[in-house]
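Here the structure is laid out as structure tokens; the discussion comes afterwards.
All of the numbers you see were taken from the coordinates with simple rules; none came from a lab. In this text, all values refer to a predicted model and were calculated from it rather than measured experimentally. Please note: Cβ atoms are built from the backbone with ideal geometry, for glycine as well, and neighbour counts cover all protein chains shown.
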Amino acid sequence: MSVAELARALRGPVTLIAVGVLFAVDHFTPIKFRQTWPALLIVFGLMTLLGREARPPYVPPPPGPPAGQNYLS
């Protein structure tokens, strides 16, 4: 499994765990969700960075045939 596949596979579970932890903090501590929701932005940003780091570099496609020619001739 490549790093890109791992990043895609972990994005959903990590997001759900983060939301669950924030709701648990809201329920069991005096800290409310409205104070902790920016942590979700941090989690989304980290997952996006992980996914971008895992992408292979862009390689342009090879050039086509010169004008007036085709592949069959």
Percent relative contact order for the chain, counting Cα pairs under 8 Å at least six residues apart, stands at 38
Rounded to the nearest 10, the angle in degrees between the Cα long axis of helix 38-54 and the longest principal axis of the Cα atoms of the chain comes to 30
Which trypsin sites (Lys or Arg not before Pro) does the range 1-47 hold that lie in a coil by DSSP with at most 14 other beta carbons within 10 Å? 32
To test your reading of the geometry: what angle, between 0 and 90 degrees and rounded to tens, separates the Cα axis of helix 3-28 from the longest principal axis of the chain? 20
Just 63, 38, 13 to compare: in a GNM of the chain, with alpha carbon springs under 10 Å, which one fluctuates most? 63
Rg and Dmax of the chain, using alpha carbons, in Å: what are they? 22.2, 76
Using a simple spin-label model with points 7 Å from Cα along the Cα→Cβ vector, what separation in nm is obtained for residue 27 and residue 3? 3.7
